[in-house]
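*Asks:* Pasting in a structure now, in structure tokens, and then I'll have a few things to ask.
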Amino acid sequence: MPNFKYTALSQSGEKITDTIEADDKGIAIEMLRREGYSMIENVKEEGIFDKDLNLDNLFKKKVTARDLSVFCRQFVSITTAGVTIIDALEMLSDQTENPTLKAAIIDTATTVKKGESLASGLKRQGESIFPKIMISMVEAGEASGNLETAFDRVGVQFEKSNRLAGLVKKALIYPIALMVIVVAVVIVMMVMVIPTFSDMYADMGQTLPAITRALVACSDFIVARWYVLIAIIAAIVVGIKIFKSTTMGKYFFADIAIKMPIFGALTTKNAAAQFARTLSTLTASGLTMIDALEITAKTMKNIRFRDVTMNAREKVAQGRPLSEPLTNTVFPHMIVHMIGIGEETGNMEDMLNTAASYYEEEVEVTTQSVTALIEPLIIVVMTAIVGTIIMAVLIPMFGMYDIAGQDL
């Protein structure tokens with residue numbers, strides 16, 4: 001989903017320039033109007049080359065789901081004890097270690113002191129700090145008088161999100177680390193070991209096997225033209241990044257993530273868990289199913305799941321049950337079936353919670369399976385690469401020993 005840059009006036013009359021995610025320009029403008037913005041101008045799609053380069057943002061520490069979870073939990077504990085919202089925010093700003101979140105809390109407290117709502121103060125900080133799901137739930141909590149409940153629920157949501165993200169990262173860290181080791185070993189052998197044997201082979205004056213000649217040629221190229229290799233790698237990385245920012249690229253990599261062997265199941269189960277948990281949290285806070293689906297769609301990182309969720313929102317707005325547009329899509333059959341049962345029994349929230357818990361456990365089990373499967377696979381690949389290099393080095397030496405033996 002592309003980002004659209006805009007300039008508009010907030011409900012308090014403040015001029016804001018920011019970005020918003022939407023399918024197209026018209027939807028972006030409509031979303032801004034629904035959030036209370038007026039005088040909406042300069043709405044245009046933001047490309048990779050026209051994004052503002054802000055060095056302050058570049059070095060800002062990112063606000064993680066764990067940071068937000070701790071913030072929500074502490075806010076509930078303090079306000080439940082009878083402390084006012086302003087005092088609670090000031091106390092939390094003193095306790096918060098993340099400098100970016102600390103500054104946002106201070107600015108939010110200042111906004112609340114001026115008479116604006118807490119949700120408005122959070123919204124001013126941008127979705128990069130306080131996500132849309134949190135702002136919407138705080139708005140619902142303020143409207144219903146259950147602000148502590150809203151913070152408690154969103155705190156649980158962030159805890160679950162942080163745990164799932166940690167599990168997925170855990171599955172990826174080990175294979176990535178092994179691949180880095182393989183690359184480092186190959187580079188060391190190509191730059192330091194192979195040139196030594198290459199000189200020795202030149203003195204032998206015999207015809208080298210094809211595999212050895214190829215290895216020596218690669219080594220000579222890396223040593224003499226290393227900058228060309230770096231330029232090629234940089235061009236490939238930049239090209240992939242540019243392609244990934246396009247609509248075609250987003251769908252291409254989304255499909256790869258879903259269909260990729262081993263990791264595809266992990267991607268699907270993780271998305272299903274996130275969908276069920278987010279939708280359950282939002283509907284439990286009093287949001288309509290239509291609004292909850294729109295916010296849930298924005299939290300989906302894979303564009304295929306996001307599109308299906310947005311399509312489901314449109315169908316639900318037309319009066320159709322949620323399970324119908326989710327059938328035969330990228331979502332697993334089981335979650336669609338559980339949603340259907342929830343609709344029939346009128347117990348949607350509990351069914352979504354059950355589905356979320358089930359797929360969260362599935363993500364954990366799948367992560368362990370992926371890790372157990374990928375470890376020996378990477379080791380085999382690493383052994384094959386290093387073994388091929390060693391054999392290419394030793395084969396000419398065996399030939400030299402044979403010639404020496406014949407001479408004797």
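The values are calculated or read from the model by the stated rules, or taken from the named source; none is laboratory data. No experiment lies behind these values; they were computed from the predicted model shown. All Cβ positions, even for glycine, are placed from backbone atoms using ideal geometry, and neighbour counts span all protein chains on display.
Residues checked against (1) more than 33 Å from the chain's Cα centre (by Cα); (2) more than 27 Å from Leu377 (Cα to Cα); (3) surrounded by 14 or more Cβ atoms within 10 Å (Cβ to Cβ):
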residue: Cys218; (1), (2), (3): yes, no, yes
residue: Ala224; (1), (2), (3): yes, yes, no
residue: Tyr227; (1), (2), (3): no, yes, no
residue: Ile230; (1), (2), (3): no, yes, no
residue: Gly239; (1), (2), (3): no, yes, no
residue: Ile242; (1), (2), (3): no, yes, no
residue: Ser245; (1), (2), (3): no, yes, yes
residue: Ile256; (1), (2), (3): no, no, no
residue: Gly264; (1), (2), (3): no, no, yes
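*Asks:* Condition first: out of contact with any Leu (no Cβ under 7 Å at 6 or more places or on another chain) and at pLDDT below 90. Now tell me which residues in the range 54-79 satisfy that.
*Replies:* Asn54, Leu55, Asp56, Asn57, Leu58, Phe59, Lys60, Lys61, Lys62, Thr64, Ala65, Arg66
*Asks:* Can you find even one residue in the range 309-322 that is touching a residue at least 40 places away in the same chain (Cβ under 8 Å) and not hydroxyl-bearing (Ser, Thr, Tyr)?
*Replies:* Initially, the range 309-322 is screened for residues touching a residue at least 40 places away in the same chain (Cβ under 8 Å), giving 310.
Then keep just the ones that are not hydroxyl-bearing (Ser, Thr, Tyr); that gives 310.
There is at least one residue in the range 309-322 that is touching a residue at least 40 places away in the same chain (Cβ under 8 Å) and not hydroxyl-bearing (Ser, Thr, Tyr).
*Asks:* Among the residues of the range 316-324, is any in a helix (DSSP H, G or I) and buried (at least 21 other Cβ atoms within 10 Å of the Cβ)?
*Replies:* Restricting attention to the range 316-324, the residues satisfying the condition of being in a helix (DSSP H, G or I) are 316-317, 323-324.
Subset that is buried (at least 21 other Cβ atoms within 10 Å of the Cβ): none.
Checking the range 316-324: not a single residue is in a helix (DSSP H, G or I) and buried (at least 21 other Cβ atoms within 10 Å of the Cβ).
*Asks:* Testing Gly145 on (1) surrounded by 20 or more Cβ atoms within 10 Å (Cβ to Cβ); (2) under 19 Å from Thr283 (Cβ atoms), one condition comes back false. Which one is that?
*Replies:* Of the numbered conditions (1) surrounded by 20 or more Cβ atoms within 10 Å (Cβ to Cβ); (2) under 19 Å from Thr283 (Cβ atoms), the odd one out for Gly145 is (1).
*Asks:* Given the residues Glu127, Glu97, which is the only one that is among the charged types (D, E, K, R), over 26 Å from Gly286 (Cβ atoms) and outside any helix (DSSP H, G or I)?
*Replies:* One residue alone meets the criteria, Glu97.
*Asks:* Look at Lys298 and say whether it is without any contact (Cβ under 8 Å) to a residue 24 or more places away in the chain and either in a helix (DSSP H, G or I) or at positive phi (or both).
*Replies:* Against the criterion (without any contact (Cβ under 8 Å) to a residue 24 or more places away in the chain and either in a helix (DSSP H, G or I) or at positive phi (or both)), Lys298 does not qualify.
*Asks:* For Thr309, state whether it is more than 25 Å from Lys169 (Cβ to Cβ) and either assigned by TED's automatic domain parsing to the domain that holds Thr283 or touching a strand residue (DSSP E or B) at 6+ places or on another chain (Cβ under 6 Å) (or both). Working first, answer last.
*Replies:* Values: more than 25 Å from Lys169 (Cβ to Cβ): no; either assigned by TED's automatic domain parsing to the domain that holds Thr283 or touching a strand residue (DSSP E or B) at 6+ places or on another chain (Cβ under 6 Å) (or both): yes.
So Thr309 fails the test.
*Asks:* Take the residues in the range 130-146 that are assigned to a helix (DSSP H, G or I) and not small (Gly, Ala, Ser); name whichever of them is farthest from Leu32 (Cα to Cα).
*Replies:* Per the stated criteria, the residue is Glu142.
*Asks:* To continue, here is another question. Go through the range 124-146 and count every residue that is under 25 Å from the mean Cα position of the chain (by Cα) and touching a residue at least 60 places away in the same chain (Cβ under 8 Å).
*Replies:* Residues meeting the conditions: 11.
*Asks:* Is there any pair with a first residue in the range 333-352 that is under 13 Å from Ala272 (Cα atoms) and at pLDDT 90 or above and a second that is of a type outside the set (Ser, Thr, Tyr) and surrounded by fewer than 14 Cβ atoms within 10 Å (Cβ to Cβ) whose Cβ atoms are under 9 Å apart and which are 6 or more apart or on different chains, and what are they?
*Replies:* Correct list of pairs: Val336/Asn328.
*Asks:* Do you know which residues across the range 4-44 are modelled with pLDDT under 70 and within 28 Å of the chain's Cα centre (by Cα)?
*Replies:* Listed by number, the residues that qualify are Asp23, Asp24.
*Asks:* Now for a different question. Quick check on the range 346-353. Is at least one of its residues in the same structural domain as Phe263 (by TED's automatic domain parsing), outside any helix (DSSP H, G or I) and either buried (at least 20 other Cβ atoms within 10 Å of the Cβ) or out of contact with any strand residue (DSSP E or B) (no Cβ under 9 Å at 6 or more places or on another chain) (or both)?
*Replies:* Initial filter on the range 346-353 (in the same structural domain as Phe263 (by TED's automatic domain parsing)): 346-353.
Restricting the remaining residues to those that are outside any helix (DSSP H, G or I) gives 346-347.
The next check asks that each one be either buried (at least 20 other Cβ atoms within 10 Å of the Cβ) or out of contact with any strand residue (DSSP E or B) (no Cβ under 9 Å at 6 or more places or on another chain) (or both); those that pass are 346-347.
Yes, the conditions are met somewhere in the range 346-353.
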